[in-house]
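Below is one structure; the comments refer to it alone.
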Amino acid sequence: MAESKEADDRQRSILRRDFLFGSGVAIAAGALAVPAPVADTLTQMATRSYAASTGYLVYDSRLCLGCQSCMYACSMAHEGVASPSLSRIQIIKDAPSFTKYPYDVAMAVCRQCVTPLCVQNCPTGACHVDEAHGNVRMIDQAKCIGCQRCLAACPQRPHRPVWNPAKRKSAKCNLCADAPFWSQAGGPAGHQACVETCAVKALKLVTEPPAQLDIAGYDVNLALTPALEKLAPKPAVK
Amino acid sequence: MTGGYAGKILRVNLTNKSISTIDTARYEEFGGGFGMGAAIFWDLAVAPGQWDLQDAFDPRNVISLMSGPLAATGAPAAGRTSVCGVASSTYPTDQFYRTNFGGRFATTLKLAGWDGVVLEGNADKPVWINIIDDKVTIEDARSLWGLDTWETQNRIVSMVGGRTRFGEEWQQIGEGYTTARPQIVCIGPVGEARARVAALIHGSGVTGRQGGFGGVFGAKNLKAISVTGTGSIGAADPKGVVDTRIWHVQKFPRIKTVLPGTAACMPCINDDRIRDSYPGGEAMCDDTYWYGVGNKELQMKGAEILMRWGVSSFNSAFGNFKVRAPEAPPPAAKDLPGGEGLGWYVKYLYQIGVLGPGKQIDSSPLPPIDQCDELEFREAFFNAIAKRAGIGDVLAEGTLHAAKRWGRLDQDVQSGALRYPAWGSTYHWNLPSVEWAFGGLLGAGDVVWHVLGALGGKEGHRPYTLDTLLEIMSSKTIPYTGDPYMFSFAWKGEEAKTTGIYSEHKAKLVAWSRHYADFWNESMAFCEWVLATFLKIRSGPVKLKTQESDFSEVMGIDPVKAEPNTDFRGPTPEAELRYYQAVTGNKVTFADTMEVGRKIWNLERTIRVMQGRHRDQEKFYPCMYRPGASQAPELGGRPVYENGKWSWQPLTDMYLDEAGVELFKTNFYKLEGWGVDTGWPTRKTLEGLGLKKIADTMASRGRLGV
């Protein structure tokens with residue numbers, strides 16, 4: 001109904017203004033009070049624990065070709081257009097600039113963090129732990145108000161949630177749980193466009209949280225025999 | 001327009017510094033890439049009739065760098081940049097020709113909102129073009145002039161919006177964001193000197209080696225083009241694009257063993273580049289053979305020199321890469337340089353005593369020629385060319401122009417010392433793969449099209465029989481299906497004329513290969529290492545190295561089991577069409593796409609006819625008519641139909657016959673609807689392809705075939 005939508009919009013813009021400009025800015029008299037469920041979320045922010053995701057992407061940065069096929073597959077599967085800028089996996093090649101192997105390609109994959117700061121800092125609950133999809137950390141586009149707190153809160157660099165300037169919303173890797181242009185069943189129990197597309201199987205879905213020390217648990221040996229291991233230097237933890 | 005296109009082409013006039021836009025829709029009938037580039041060249045350079053089309057360095061030379069509709073969609077290997085215009089490296093005249101290069105330039109151009117860049121005119125001072133999404137500026141390049149290509153690109157990265165910390169930051173460009181660096185194509189000091197051996201360099205190791213377009217950029221005073229793109233490319237069937245890509249890589253895997261340290265262009269399903277090479281490693285094949293074959297470290301150091309100075313490995317080859325040519329006559333040994341180039345020719349002239357300090361051909365300022373395999377010599381070689389100092393001024397013109405200036409061209413060509421098959425291109429896979437030789441003769445040089453290497457084989461050395469191979473090939477070469485004689489490489493006697501390499505059947509194979517290449521490789525911009533692929537050698541999905549695989553130990557998951565392969569049919573032509581239809585939405589048949597290829601092939605023919613091309617000029621150099629013309633039996637020989645039987649033969653002794661070549665030309669011209677006496681397309685042929693305006697222009701200049 002129009003009235004509720006208007007109320008929703010006003011509520012959303014108040015929350016957005018509040019969070020964009022920080023607490024302490026007085027809410028204009030006559031405006032709606034912050035509704036209870038959201039306030040609930042806010043006060044619990046610092047104290048909640050989160051059910052662990054049942055799916056994680058790990059990768060092998062020494063095998064990666066730097067071809068970015070995964071980025072094209074991701075954006076096409078989620079957005080229906082090919083756009084590395086909208087891809088929820090970022091393969092960054094230092095070209096030009098010419099860093100030496102194995103540091104010439106950086107693979108930026110959402111870690112489905114055990115304590116997801118993106119979820120923790122989302123004021124509307126748009127970024128949430130989705131029980132229906134194996135606890136994958138997911139952004140509900142309908143609830144996203146474009147405050148960008150998830151981008152700032154993500155402890156990884158580059159931040160893993162992706163900003164869509166045309167829609168003015170954030171999106172993040174949800175292991176293809178709700179990719180509208182993906183033919184296969186996605187989510188932690190399913191298949192991911194990036195994993196299936198990779199020609200060298202440099203991406204893999206696993207079900208247990210990888211070791212959480214920096215990138216070491218996520219950048220793993222996916223294929224190498226001892227003989228081939230000699231050809232590939234271990235990337236130092238950076 | 002159909003899906004996949006950005007919708008506009010950037011047009012830059014370097015003489016008057018104007019920037020404008022061409023509607024891509026105007027040229028949609030030519031597909032994309034080279035097809036559009038050739039059509040634009042016709043409209044801007046040929047049709048106005050104000051230029052004789054002879055000099056690559058003339059400001060009226062129009063050079064385009066085009067992408068295709070499949071670039072930046074996820075279609076693998078479809079992101080090559082197609083470059084065309086009048087080339088500086090062909091001989092004896094500057095021919096309309098092409099090169100292409102991989103990497104990320106064309107895809108980033110699409111994401112910036114452009115289907116290509118068209119360059120007219122020559123700037124009066126060094127400039128570079130800065131493309132940031134739809135914002136385009138022409139920048140002063142005087143501080144970049146003289147820098148090598150790596151330093152040039154590093155400087156430009158710093159100039160374009162500041163330098164982000166690699167791998168850690170999103171850079172905001174207007175409204176959009178990217179984690180990628182700007183993608184740059186540029187020239188080095190050798191191109192700045194208008195050397196005909198200069199290449200276009202992109203990234204650390206991606207290069208457009210054919211055509212001497214690096215020298216053309218130099219003449220235009222154009223140091224670099226940089227592009228940053230944050231946009232998106234739509235497709236008619238997004239799900240179809242993703243599904244096709246996965247079907248392709250999982251049903252037809254190309255990579256046998258995943259090795260660390262390999263790389264690919266963007267995006268791809270092969271691993272043809274070397275990440276673990278020089279910094280920013282993208283080293284590939286011929287550049288790594290240029291110096292120190294067999295020693296990886298030396299290979300990479302040599303390739304780095306080529307890249308930094310911006311030189312074509314083919315055109316400047318020193319002959320380090322050897323191939324076997326058992327029938328080669330003296331003075332060649334049984335091992336010949338795989339491609340003879342400028343460096344090899346200097347060595348040869350030194351060895352016969354005519355080149356050196358104070359000799360008939362003074363080698364100053366080069367170091368002693370017997371040091372030619374030292375890295376310092378190679379750098380000094382390119383420095384001499386870049387400065388046009390002493391012998392460098394002649395070397396800059398390329399091998400055949402240099403031979404002419406030294407008064408040695410005729411004798412070194414006649415003796416067979418200079419193995420340049422046609423139009424000034426170095427030897428590549430010209431024989432026994434005659435479609436390569438003929439395609440180059442009828443075009444303007446090296447076709448660089450390895451696709452029919454699939455025909456190679458030896459009894460017992462392939463998992464399929466020759467019969468199976470012929471059946472597969474003759475079923476896939478739409479529209480010329482059902483004719484296995486197309487694949488016979490019989491070269492002797494009557495058989496060669498009736499069913500073999502001079503026959504009407506061979507004419508069909510050459511026509512097929514040129515039409516396919518002009519549409520799918522040059523215009524849809526698929527890398528020819530990925531498509532066309534006729535055969536499937538490996539079964540099942542990519543198999544990670546499993547002999548003592550860690551895989552299951554690390555992940556607790558069973559290794560992938562590969563099925564034994566019994567179906568050898570590869571992805572062509574189904575894959576091409578699936579990608580094309582998913583992206584564009586065009587419900588065409590494969591035969592329809594080959595018709596567009598035929599149109600583009602005829603278009604490039606008309607441009608060369610306007611330059612003066614005639615049947616009488618289309619002759620090979622003498623080396624092709626003698627024993628030793630064929631090389632590299634390790635490439636696998638070819639099928640031969642002889643005395644009623646088919647067999648694979650190594651064909652190391654193959655050479656051509658002048659009368660046979662003339663017969664082939666007649667057969668080919670008839671097949672293509674070109675005048676038999678002239679080799680010029682007829683009005684009927686051109687109008688049948690929707691090229692009436694071109695036919696009218698050619699008629700008005702007396703160049704129509706009859």
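What follows is calculated from the coordinates using simple rules that are stated; it is not laboratory data. Please read all numbers here as calculations on a predicted model, not as lab measurements. Glycine gets a Cβ as well: all are built from the backbone with ideal geometry, and neighbour counts include every protein chain shown.
General remarks:
- Exposure proxy shown here: for A:194, A:154, the number of other Cβ atoms within 10 Å sets the order, fewest to most, as A:154, A:194.
- Additional length obtainable on full extension of the chain from residue B:351 to residue B:52, 0.36 nm per residue less Cα span: 103.6 nm
- The distance between label points at residue B:410 and residue A:168 comes to 7.8 nm (points 7 Å beyond Cα on the Cα→Cβ vector).
- With a Förster radius of 22 Å applied to the C-beta separation of residue B:625 and residue B:647, the computed FRET efficiency comes to 0.30.
- Cα gyration tensor shape for segment B:186-263, rounded if a/c is under 1.5, else prolate or oblate: prolate
- Residues B:527, B:268 arranged by fewest to most Cβ contacts within 10 Å: B:527, B:268
- Sparsely packed trypsin sites (Lys or Arg not before Pro) within segment B:141-209, loop by DSSP, other Cβ within 10 Å at most 14: B:142, B:163, B:165
- Available extension along the chain between residue B:135 and residue B:617 is 169.0 nm, counting 0.36 nm per residue and deducting the alpha carbon span.
- Centre separation in Å (Cα based) which lies between segment B:276-345 and segment B:365-403: 16
- Looking at segment B:125-271 alone, DSSP beta bridges between its own residues are antiparallel in about 75 percent of cases.
- Taking label positions 7 Å along the Cα-Cβ direction at both residue B:16 and residue B:706, the computed distance is 4.2 nm, reported to one decimal.
- The reciprocal of the average 1/r between distinct C-alpha atoms defines the Kirkwood hydrodynamic radius, which for chain B equals 25.8 Å.
- Euclidean distance between Cα centres, segment B:410-484 to segment A:100-132, Å: 52
- Out-of-range pairs (alpha-carbon distance over 26 Å; input B:506/B:684; B:508/B:599; A:169/A:201; B:492/B:665; B:404/B:506): A:169/A:201; B:404/B:506
- Neighbour-limited loop hits for GluC sites (Glu not before Pro), segment B:144-237 (at most 14 other Cβ within 10 Å; DSSP other than H, G, I, E, B): B:175
- C-alpha center-to-center spacing [segment B:491-537, segment A:156-172] in angstrom: 47
- DSSP finds beta bridges in chain B, and of those with both partners inside it, around 80 percent are antiparallel.
- Each Lys or Arg adds one and each Asp or Glu subtracts one; over the other residues with Cβ under 15 Å from the Cβ of residue A:131, this totals -1.
- Calculated from backbone phi, Karplus (6.51, -1.76, 1.60) coupling profile of segment B:614-630 in Hz, x at Gly/Pro: 8, 3, 4, 7, 8, 10, 6, 6, x, 4, 7, 9, 10, x, x, 5, 8
- For a straight C-alpha distance cut-off of 18 angstrom, the aspartates and glutamates reachable from residue B:251 (same-chain residues fewer than eight places away being disregarded) are A:196, B:243, B:271, B:563, B:567, B:574, B:576.
- Computed over the protein assembly as shown, the Cα gyration tensor eigenvalues convert (square root of 5λ each) into semi-axes of 50, 30, 28 Å, ordered from largest to smallest.
- Antiparallel DSSP beta bridges within segment A:51-232, as percent of all bridges there, nearest 5: 95
- Among B:216, B:588, the ranking by other beta carbons within 10 Å of each residue's beta carbon, starting with the fewest, stands as B:588, B:216.
- FRET efficiency, residue A:103 to residue B:379 (Cβ-Cβ, R0 35 Å, nearest 0.05): 0.85
- In segment B:619-705, trypsin sites (Lys or Arg not before Pro) in a DSSP loop with at most 13 other beta-carbon atoms within 10 Å: B:701
- Efficiency of FRET between residue B:26 and residue A:189 - r from beta-carbon atoms, R0 56 angstrom, step 0.05: 0.65
- Under the simplified labelling scheme, the residue B:569-residue B:692 pair shows an inter-label distance of 4.1 nm, with each label point 7 Å from Cα along Cα→Cβ.
- Applying the Kirkwood pairwise sum to the alpha-carbon positions of segment B:23-125 produces a hydrodynamic radius of 14.2 angstrom.
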